[in-house]
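The values are calculated or read from the model by the stated rules, or taken from the named source; none is laboratory data. If you're wondering where the values come from, they're calculated on a predicted model, not measured in any experiment. Here the Cβ positions follow ideal geometry from the backbone for every residue, glycine too, while neighbour counts run over all protein chains shown.
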Amino acid sequence: MGLLSSVKHFGLRLIELSLGLHGIMHIFEFGMAIYEEAYLTASLAAFGATTMILGAVLLGHTHDHIHPHHPTTETEIPSVAEYEDRL
């Protein structure tokens, strides 16, 4: 694994962690808003918490980028049929 790859991996992990922590902060905000009977604020905080936690869990470092016009090597150039099968 090269230096650029290591930096990219570390950056992605940092973003995942940041999203998760931000989601936890929204959960705390949601609890405080319910306690204060601020239901509109609570609903917005719940939405924020949900999107942040889902972003951290589902996006993660497992998603693939498909770039048929920018393969990493010439042997990885997919045909149009292979590319459509990936979608």
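Before moving on, here are some points about what is shown:
- Residues that are at pLDDT 85 or above number at least 1 in the following helices (runs of 4 or more DSSP H) confined to the chain: 3-35, 39-54.
- Members of region 2-34 that are farther than 17 Å from Leu58 by Cβ and among the charged types (D, E, K, R): Lys8, Glu29
- Per-region count, region 6-24, residues of a type in the set (A, V, I, L, M, F, W, C), closer than 22 Å to Ala49 by Cα and more than 12 Å from the chain's Cα centre (by Cα): 2
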